[in-house]
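First comes the structure, then the notes that go with it.
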Amino acid sequence: MPRVFSGIQPTGEPHIGNYFGAMRNYVALGEQYGKNSIYCVVDLHAPTNPAAFDPALLAARTLDMAVANFAAGLDPQKVIFFVQSHVREHAELGWLFTLLTPVGELERMTQYKDKAQKLESTPAGLLMYPVLQAADILLYKADTVPVGEDQVQHIELTREIARKFNHAYGETFPEPRAVLAEGALRIPGVDGQGKMSKSKGEASTLGILEPLESIWQKLRVAPTDPARVRRTDPGDPDKCLVGDYHKLFSDAETVAEVYAGCRTAGIGCVDCKKKLMVGIGAHLGPIQERAAALQADPDYVRDALAQGAREARAIAQPIMEEARERVGFLRL
Ligand code: AQP
């Protein structure tokens, strides 16, 4: 049976990019593979980008991320769901992998380049991020990794690290493959400034637990096809983030109606956005209700995370021991 692993950073409220790009696949694979699907709030990764990190918020954001995933349909009784720093072996295997990874390859990673160029001083941890990510996956000998399209380059590197370790020390790790959401989604930020991303702040994101009124305030002013200057100008819904979002939230009939309406100037952008809000409410309403119930029961969430960490350690510790033996450390 395949073993699934994926992680999500507690760098802010989870957004619809996380949900459609990754979290929905976590739920689907969890239904299929039960306790062979392992999900993790990757809190050791969160401080690698100082621009998006606040120590005063880390613990609360970690809990919120668990709540959001449970509310989105992940059942911690059925899958393994835990917090990365509660399983110390992630950092240890990550260290072994740094010894096999050329710095030049890490410097070529697109996400590293994007983030590093915005920083005055770049922490080594930001460069090492994909190495720790490889350890997250391989610590469980996972072969199936549901991620958004932005992570494909990192999974390629994970495969390479597995190959290098196996070559240097003997066959130990599988070469995992990325599983992308249908349509290989890369959901744009509502500010129109590229990929929706937690680390870009709230102007970029529509949170899955965000009040619908707040979502509407952002959508109301969101940029649409720039060619549509006046209400009477026809537009191109394929060049409009509202068009992209309709494909995620609206039924096929509504998508066909607003796409045709945009192309013929039969519908204005404000009405198009109002129709989108109907789909958003229908999708996010039930998730937000479940989240409110979970927030009212913090002991349930903490107990589930403690149980998840025990289950994760039971898998990780023997694999880490095998890796130590392969590398040749003294055992007493
Ligand atoms: N916009 C997106 N479209 C599709 N998938 C996305 N993912 C993230 N953004 C999009 C996928 O969500 C999973 C969790 O990723 P993350 O925690 O790294 O998410 P983030 O929102 O992108 O967070 P950050 O803190 O802002 O990280 P950076 O700046 O590194 O992207 C992943 O599977 C991701 O692919």
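Observations on the structure shown:
- Looking only at residues in the range 18-40 that are touching a Lys or Arg at 6+ places or on another chain (Cβ under 9 Å) and surrounded by 24 or more Cβ atoms within 10 Å (Cβ to Cβ), the one that is nearest to residue 316 (Cα to Cα) is 38.
- Only residues that are part of a loop (DSSP other than H, G, I, E, B) and either surrounded by fewer than 20 Cβ atoms within 10 Å (Cβ to Cβ) or of a type in the set (Val, Ile, Thr) (or both) were counted in the range 1-17, giving 5.
- Residue selected from the range 148-186 under the condition small (Gly, Ala, Ser) and within 14 Å of the ligand (Cβ to nearest atom), by the criterion farthest from residue 3 (Cα to Cα): 183
- Lone unmet requirement of (1) aliphatic (A, V, I, L, M); (2) surrounded by 24 or more Cβ atoms within 10 Å (Cβ to Cβ); (3) more than 8 Å from the ligand (Cβ to nearest atom) for residue 46: (3)
- Breaking point among (1) within 10 Å of the ligand (Cβ to nearest atom); (2) assigned by TED's automatic domain parsing to the domain that holds residue 89, for residue 195: (2)
- Looking across the range 124-147 at every residue that is of a type in the set (A, V, I, L, M) and not in a helix (DSSP H, G or I), the one that is farthest from residue 324 (Cα to Cα) is identified as 147.
- Subset of the range 49-72 [crowded, with 17+ Cβ neighbours inside 10 Å and among the small types (Gly, Ala, Ser)]: 52, 66, 68, 71, 72
- When residue 80 is tested against the conditions (1) away from the ligand (no atom under 16 Å from the Cβ); (2) out of contact with any strand residue (DSSP E or B) (no Cβ under 7 Å at 6 or more places or on another chain); (3) among the β-branched types (Val, Ile, Thr), the lone failure is (2).
- Among the residues here, residue 92 does not qualify as modelled with pLDDT under 95 and of a type in the set (D, E, K, R).
- Residue match in the range 29-40 (condition: in the same structural domain as residue 115 (by TED's automatic domain parsing), in contact with a strand residue (DSSP E or B) (Cβ under 9 Å, 6 or more places away or on another chain), in a helix (DSSP H, G or I) and near the ligand (Cβ under 9 Å from one of its atoms)): no
- One residue stands out in the range 51-61 among those that are in a helix (DSSP H, G or I) and within 12 Å of the ligand (Cβ to nearest atom): the one that is nearest to residue 22 (Cα to Cα), namely 61.
- You will find that of 145, 131, 103, the residue that is of a type outside the set (Lys, Arg) and either under 16 Å from the mean Cα position of the chain (by Cα) or within 12 Å of the ligand (Cβ to nearest atom) (or both) is 145 and no other.
- Selection status of residue 231, in contact with a Cys (Cβ under 9 Å, 6 or more places away or on another chain), of a type in the set (Lys, Arg) and loosely packed, with under 14 Cβ neighbours inside 10 Å: yes
- When residues in the range 223-265 are screened for being part of a helix (DSSP H, G or I) and of a type in the set (S, T, N, Q), 1 of them pass.
- Residue that is surrounded by the most Cβ atoms within 10 Å (Cβ to Cβ), among those in the range 147-194 that are modelled with pLDDT of 95 or more and of a type in the set (Asp, Glu): 191
- Residue that is nearest to residue 228 (Cα to Cα), among those in the range 275-290 that are charged (D, E, K, R) and surrounded by 14 or more Cβ atoms within 10 Å (Cβ to Cβ): 275
- For the range 214-228, the condition of being surrounded by 13 or more Cβ atoms within 10 Å (Cβ to Cβ), within 13 Å of the ligand (Cβ to nearest atom) and either without any contact (Cβ under 8 Å) to a residue 24 or more places away in the chain or among the aromatic types (Phe, Trp, Tyr) (or both) holds for none of the residues.
- Complete set of residues in the range 158-186 that are part of a helix (DSSP H, G or I) and more than 20 Å from the chain's Cα centre (by Cα): 160, 161, 162, 163, 164, 165, 166, 167, 168, 169
- Being surrounded by 19 or more Cβ atoms within 10 Å (Cβ to Cβ) and either more than 27 Å from residue 67 (Cα to Cα) or polar (S, T, N, Q) (or both) is a condition met by no residue of the range 291-303.
The values are calculated or read from the model by the stated rules, or taken from the named source; none is laboratory data. Just so you know, these numbers come straight off a predicted model, no measurement behind them. So basically every Cβ, Gly included, is an ideal-geometry build from the backbone, and we count neighbours across all protein chains shown.
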